[in-house]
Structures are given as C-alpha cells and as structure tokens.
Amino acid sequence: MTNPKPALLALADGSVFEGISIGIDGKSVGEVVFNTAMTGYQEILTDPSYRQQIVTLTYPHIGNVGSNAEDDESGKVQLAGLVLREVPRRPSNFRSTQDFSEYLREQKVVAIAGIDTRRLTRILRDQGAQNGCIVAGAKFSEKAALAAAREFPGLKGADLAKVVTTAKAFEWTTGSWVLETNRETQIGAVKHHVVVYDFGVKRNILRMLVDRGCKLTVVPAQTKAAEVLKLKPDGVMLSNGPGDPEPCTYAIEAAREFMQRKLPLFGICLGHQILGLAAGAKTLKMKFGHHGANHPVQDVESGRVLITSQNHGFAVDESTLPGNVTATHRSLFDGSNQGIRITDAPAFSFQGHPEASPGPHDVSYLFDRFVKMMESTHG
C-alpha cells in the first residue's frame, strides 16, 4: 500500500489505537466486538446481523483470498466498521475478482489496520463489548473520536430488524454454490412452501432451504401473521438479524400466532430470541456476545458436541423458560442457551448459525428437522 493514510480507533473507555486506513476516509461509530473466525471474512462483512457494529477480526491474515460477488451474504457490506491486524496483501485465489482493499473502498467501509488486535480483544473480553469510533483520513481529531464513541446509544433497545429488512416480498429459487460448476444450483422438485421473515436473513439460509426442496417467499420483518397465513405456507422461518429482540413486538406477536395455529416454525439467531420471547421467556444483553466459527455447543438431547458458527450479542435467559419450553442446546463456553423446543407446538430454534457459510456445518441437520416437521404436520 503506497502512501497510506492514518486512522484511529477510539473506545468509550478512553482506549485509543492508531493505525492506517484501508477503506474510505470518514468516521464510523458502533458497538465494537471481536470475531474469532479464521475464514469467511467476506461473509462476516455482509451479514446483516452486524449492523451498527465495528468488528475486529482476531485472525491476522484477512483479505488474502480477495473478494467475489458469490460470497456476499447480502446485497452490501453491513457492519459499521472493520478492524484488522495486518494490511491486506495481494490476493491469491482462483475465485477472486477484486482486491480486498478495493472491495472495502467500493463498499464505502471505514476500516483500520495495523493495530494490536490482541490488546483490543483482551479489553473487549475483560470489560465487555463497548462503543467505539473509527476515524480515517488525513484530518481527524482523537478528542472528537472519543466523544463520538461515548455518544453512541448502543444496541440495547435498538430495533434494527425493520431497518435491514427487504422493502417488499420476493421469491428465492437458488440453492448452494457448487465447486465443480462455480455456480449456485436451481430449485428442483418443490416439496414445501416456506415463508421466511427477513429480519436480516443470510443468503445461505435461503440456499439451505432450497436444497431441501422448499419454495421460498421472503417477506418484510413487519408482515402481519394474517398476511402470511393467506400464502398458505407449510412452515415459517424466523431469520437471523441485528439489534435487540425485545423491541420487535411485531415479530413476537406473529410468532405467537403461528404457534397457536400449530404451524411449523424454525427460528435462527434473532429468530431464536423472538421465538423465546413469544413463548414467554426473557432475553438479556451478553457481556461481549458470541462471534466466531469455532464455538462448541452441546446438543442436550443427544449429548453430542457441535462446533458452530455464532454471531449474537443477546441471548434467551434459560432460567425464564416456561414449562412448555425445553432447552435443546447450550454453549460450552459459558453455558448460555443455544436452542429451544416448544413441547405443545411444532416450533424450535437455534441461537447460532446452522447455515454457517463458510462453515462449520455440524448443525445443518436442523434444516432436515424442520423439513421433517413440515412433513409430519402436513404430509
């Protein structure tokens, strides 16, 4: 990188990190979190669940395989800012179509590299996720960056699902990407019709359902249950998404209606938290959340340990689960709830990301469980 411009990351606690800009000039504020994944940086950047968050990647070699349109999990980069240890190098991968730094600038990302991400991660681990501000370019003020970090209101109470959702309903018909053909598969024989609530849905969730013969109708986050029922779906998916689940009263009410009507229901990430709230449980803000592709989770019913992909800062408070809700999965890092099943309705959910693009895929069996639930309910 020739003639790099300076950049600075300021945390609300007063910590300051100086580095160089690898994105556009400007300022960005958000909640600073760390992600421990070693692969899939492009999927992380385009995951809508990261809206209003500044992400530091603990793995140092980021950008080394470039970027390409097929790996995006949504239509654009969603996170508020990016923090790296090393400056991205020249890419080396047969699928790369663009240099990573060029990708960041094209996507208008404020990003900083060349800082001690180990020190930053220790601060976030010990003190918890906190608000921060990245400023990049020739002219910036450390004092102003600190002030901006401290003024950010945080994610508690933030309803971001309705911010990132689709403006109108649409159908999705493509399945998983295949290495041999370097393209996505097309939907084959249709077995079930699934309505997917877009709270910030990742494309691979949609692909995994198409792979299993599901015709998909993706609807906006605030779609009423009555409108969904008119579509006569065999099942409903509550997708992942950003922000606090508690303000999403529209989604909670819809999920409650589907449970009462015994319509098969599967929630992922934010959708898991919404299902928990609809069932009568409570949610809580975590200290620093779970973000990475290497988190061990135990399937309580089978005892099997699964390596999972995670991205959430809120969780279902397992101690508040009502009698008709069973815990199905728990984190082996901190014991927090990772899955629930409703005993008197065909509904279940998982906190992590069973679609896990690019991986791991230990929890993909939950999509099969959802399909079997629809088959047993509707035949």
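The values are calculated or read from the model by the stated rules, or taken from the named source; none is laboratory data. Please read all numbers here as calculations on a predicted model, not as lab measurements. Note that each Cβ is placed from the backbone with ideal geometry, even for glycine, and that neighbours are counted across all protein chains shown. Side chains included, ligands, DNA and RNA excluded: accessible areas come from the protein's heavy atoms. Shrake-Rupley method; radii C 1.70, N 1.55, O 1.52, S 1.80 Å.
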Subject >> Ratio of the Cα radius of gyration of the range 171-323 to 2.2 N^0.38 Å, where N counts its residues >> reply: 1.09
**OP:** Would you compute, for the Cα atoms of the range 292-379, the largest minus smallest coordinate along each principal axis and list the three values in descending order, in whole Å?
**Re:** 37, 31, 23
Original post:
Relative to a virtual label point 7 Å from the Cα of residue 125 in the Cα→beta-carbon direction, which members of the range 259-289 show backbone nitrogen distances below 20 Å?
Top reply: 286-289
Original post:
Relative contact order of the range 289-379: what whole-number percent is it, with Cα pairs under 8 angstrom and at least 6 residues apart?
Top reply: 26
Subject >> Partners for residue 262 among aspartates and glutamates (Cα-Cα distance below 14 Å; same-chain residues under 8 apart left out) >> reply: 234, 344, 375
Subject >> Bins of 5 Å, starting at 0 and running to the largest distance - Cα pair percent for the range 244-320 >> reply: 3, 15, 21, 23, 20, 13, 6, 0
Original post:
Could you give the Stokes-Einstein D for the range 115-217 in µm² per second, using the C-alpha Kirkwood radius, 10 °C, 1.306 mPa s?
Top reply: 89
Original post:
In whole percent, how big is the carbon plus sulfur part of the accessible area of the chain, probe 1.4 Å, protein atoms only?
Top reply: 49
Subject >> Extension gain (nm, one decimal) between residue 332 and residue 69, 0.36 nm per residue minus Cα-Cα >> reply: 91.2 nm
Original post:
What translational D, rounded to a whole number of µm²/s, comes out for the range 1-116 from Stokes-Einstein when the hydrodynamic radius is the Kirkwood one over Cα pairs, at 25 °C and 0.890 mPa s?
Top reply: 174
Original post:
Counting alpha carbon pairs within less than 8 Å and at least 6 residues apart, what relative contact order, in whole percent, applies to the chain?
Top reply: 15
Subject >> Per-pair calculated FRET efficiency, R0 = 22 Å: residue 364 and residue 324 via Cβ, rounded to 0.05 >> reply: 0.25
Subject >> Volume of the Cα convex hull of the chain, divided per residue and given in Å³ >> reply: 126
Subject >> On Cα atoms only, tilt of 142-151 relative to the major axis of the chain in degrees >> reply: 20
Subject >> Helix-derived mean residue ellipticity, 222 nm - over the chain, DSSP H n ≥ 4, -39500 (n - 2.57), to 500 >> reply: -6500 deg cm²/dmol
**OP:** Using Cα centres only, tell me the gap between the range 271-337 and the range 235-266 in whole Å.
**Re:** 16
Subject >> Point-charge dipole on Cβ atoms (K/R +1, D/E -1) for the chain, about Cα centre, debye to 20 >> reply: 280
**OP:** Enumerate the amide H contacts of residue 86 below 5 Å, restricted to partners 5 or more residues apart or on another chain; note that Pro and chain-start residues carry no placed amide H.
**Re:** 62, 114
